[in-house]
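Readers should treat all values here as calculations from the given coordinates under stated rules, not as data from a laboratory. Because the structure is a prediction, the values reported are computed rather than measured. For neighbour counting, all protein chains shown are included, and Cβ atoms are generated from backbone atoms with ideal geometry for every residue, glycine included.
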Amino acid sequence: MSERFIVFDVETPNSFNDRISAIGITVIEDRQIISEIDTLVDPQVRFDRFNIELTGITPEMAKKGPSFPELWSEI
């Protein structure tokens, strides 16, 4: 029987936690990585200073990434 796991992590730009500023996704099948996505995401909202200090992701950095709707088809 094959085992498949999908592991992901997101970073958020502010305390509302309803948008993301970065995402990483790894697909593991039979103990081997078969797919990875790691990208900044333009959340199109303001950033809190706390989140910038915690993640190191600035609004300028995130604006270079796709918006989540643009990224969704790849995910």
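State the answer as a single residue: which of G24, S73, T12 lies farthest towards the positive end of the charge dipole of the chain, with beta carbon charges of +1 for Lys and Arg and -1 for Asp and Glu, about the Cα centre.
T12
Looking only at the chain, where both bridge partners belong to it, what percent of the DSSP beta bridges are antiparallel (to the nearest 5)? Intermediate results must be reported in sequence, preceding the final value.
Values: 16 of 17 bridges.
Once the DSSP bridges in the chain are tallied, antiparallel ones form about 95 percent.
Quick one: which of 41-47, 53-59 comes out on top by average Cβ neighbours within 10 Å, and what's the full order, highest first?
Working: 41-47: 17.6, 53-59: 13.3.
Order by mean packing, descending: 41-47, 53-59.
Once the piece of chain linking D38 and N17 is laid out straight, how much longer is it, given 0.36 nm per residue of separation minus the C-alpha distance between them?
Numbers: separation 21, 0.36 × 21 = 7.56 nm, distance 1.90 nm.
My answer for the length gained is 5.7 nm.
Given R₀ = 30 Å, FRET efficiency for F68-R31 by Cβ-Cβ distance, to 0.05? Write out the running numbers ahead of the final one.
Values: r = 30 Å, r/R0 = 1.01.
Using R0 = 30 Å, I get an efficiency of 0.50.
May I ask you to derive the relative contact order of the chain, considering only C-alpha pairs under 8 Å and at least 6 residues apart, and to give it as an integer percent?
Numbers: 133 pairs, mean separation 20.3, N = 75.
Computed over the chain, the figure is 27 percent.
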